[in-house]
Ligand code: HMG
Ligand code: MG
């Protein structure tokens, strides 16, 4: 990978929609994912195998996974689809579907072989499972209904089972730059310890979640320096900024300068977190593409195409269109 290549992980179909009170039709979610697949994005978070009691909006994630496996979703780049699975129950639900379509996706071994140029053949989507830890005990309790230590024990099992199934694993750590319950009192050394544990368990990537959007440039820098000192490599880190305080692009600039090259974003700025009151959406994909390309970075993503999708999906969901760049591009 060239140093100026940035990977954007599109989380609109999961993080962007999970908080919506009104049930969004399955067909709209599939339409969103299929439109996103044509924009040049290489990674799309598509659903969550979580409790429908807690997050009812994600209750058709199995059908989304099945659709992806049954249909050849046209894509501009080789695509990885990601699904949250916080426990063995979630992973088993995903695996039950995958086992019915064993040749419809690339395993992690096959994906890596293709990426390194040692394998060829028809391109199929790859799949990723994501677990989600928290940096504070209050947020862990609210979001996962258990302590950080218990959550890590469970994730150890989920990661092992996912690796046995030859799937890539992403591990989020939420509230790394501020917590709705503990404020700014989040210890970056604790984040580094949790990240180290998750990597040792076999996670392929740590996604650092600024769930509340409380993160600032100096705090982002301190956190990343702390992770570096703990021996965590930049290539194992993704940043997941929510834009509640409008700091996401500033924090992105700090992370880029530090050497991070994977960032999450959500088309139209959709999103929020049910356990983070007042949290607004993820930073908009349109804003990220415009910002990164203005710095000479290459995202491979078609800005006009994502701007169209942002306007369409926010209208479908009945949300304000939250991307400044998206609105400007469409008005131009
Ligand atoms: P638990 O330990 O089983 O306990 O699940 P529980 O009391 O919370 O839930 C119990 C009920 O959920 C039981 O059903 C379980 O069977 C069911 P009941 O017997 O009452 O009918 N259940 C499940 N159903 C389907 N699939 C599953 C599953 N697991 C349990 N996988 C757990 C604990 C955390 C798994 C559960 O509470 C849960 O799924 N909660 C939702 C958590 C969630 O989705 N949060 C939002 C995503 S994280 C996020 O947005 C942050 C992120 O964007 C990064 C950032 O911004 O920082 C990733
Ligand atoms: Mg989030």
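For this structure, a couple of remarks:
- Unique match (being within 16 Å of ligand 1 (Cβ to nearest atom) and assigned to a loop (DSSP other than H, G, I, E, B)) among 20, 66: 20
- The set of residues from region 159-208 being part of a strand (DSSP E or B) and either over 14 Å from residue 132 (Cα atoms) or touching a residue at least 40 places away in the same chain (Cβ under 8 Å) (or both) comprises 168, 169, 170, 171, 172, 173, 174, 179, 183, 205, 207.
- When the test is whether a residue is part of a helix (DSSP H, G or I), within 16 Å of ligand 1 (Cβ to nearest atom), modelled with pLDDT of 95 or more and in contact with a strand residue (DSSP E or B) (Cβ under 6 Å, 6 or more places away or on another chain), residue 288 passes it.
- Scanning region 3-60 for residues that are more than 22 Å from residue 287 (Cα to Cα) and in contact with a strand residue (DSSP E or B) (Cβ under 7 Å, 6 or more places away or on another chain) yields a count of 6.
- Residue 234 being within 23 Å of residue 195 (Cα to Cα) and surrounded by 23 or more Cβ atoms within 10 Å (Cβ to Cβ): no
- Looking only at region 119-132, and only at residues there that are surrounded by 13 or more Cβ atoms within 10 Å (Cβ to Cβ) and over 11 Å from the mean Cα position of the chain (by Cα), the one that is farthest from ligand 1 (Cβ to nearest atom): 119
- Single condition residue 146 does not satisfy, out of (1) within 19 Å of the chain's Cα centre (by Cα); (2) closer than 23 Å to residue 182 by Cα: (1)
- Residue 264 being touching a strand residue (DSSP E or B) at 6+ places or on another chain (Cβ under 7 Å), surrounded by fewer than 24 Cβ atoms within 10 Å (Cβ to Cβ) and touching a residue at least 40 places away in the same chain (Cβ under 8 Å): no
- The numbered conditions (1) in contact with a helix residue (DSSP H, G or I) (Cβ under 8 Å, 6 or more places away or on another chain); (2) crowded, with 19+ Cβ neighbours inside 10 Å; (3) not in a helix (DSSP H, G or I) are all true for residue 40 except (2).
- In region 35-54, the residue that is farthest from residue 262 (Cα to Cα) out of those that are at pLDDT 95 or above and within 16 Å of ligand 2 (Cβ to nearest atom) is 50.
- Among the residues of region 192-233, those identified as at negative phi and in contact with a strand residue (DSSP E or B) (Cβ under 6 Å, 6 or more places away or on another chain) are 194, 195, 198, 203, 204, 205, 206, 207, 208, 209, 210, 211.
- Number of the exception - residue 40 against (1) within 16 Å of ligand 1 (Cβ to nearest atom); (2) at positive phi: (1)
- Check on residue 186, farther than 24 Å from residue 292 by Cβ and within 12 Å of ligand 2 (Cβ to nearest atom): no
- Test for residue 91: is it in contact (Cβ under 8 Å) with a residue 60 or more places away in the chain and either closer than 23 Å to residue 173 by Cβ or assigned to a loop (DSSP other than H, G, I, E, B) (or both): yes
- Among all positions in region 133-145, there is no residue which is more than 15 Å from ligand 1 (Cβ to nearest atom), without any contact (Cβ under 8 Å) to a residue 60 or more places away in the chain and in contact with a helix residue (DSSP H, G or I) (Cβ under 6 Å, 6 or more places away or on another chain).
- Those residues of region 75-88 which are within 16 Å of ligand 2 (Cβ to nearest atom) and in a strand (DSSP E or B), in sequence order: 82, 83, 84
The values are calculated or read from the model by the stated rules, or taken from the named source; none is laboratory data. The structure displayed is predicted, hence computed values, not measured ones. For neighbour counting, all protein chains shown are included, and Cβ atoms are generated from backbone atoms with ideal geometry for every residue, glycine included.
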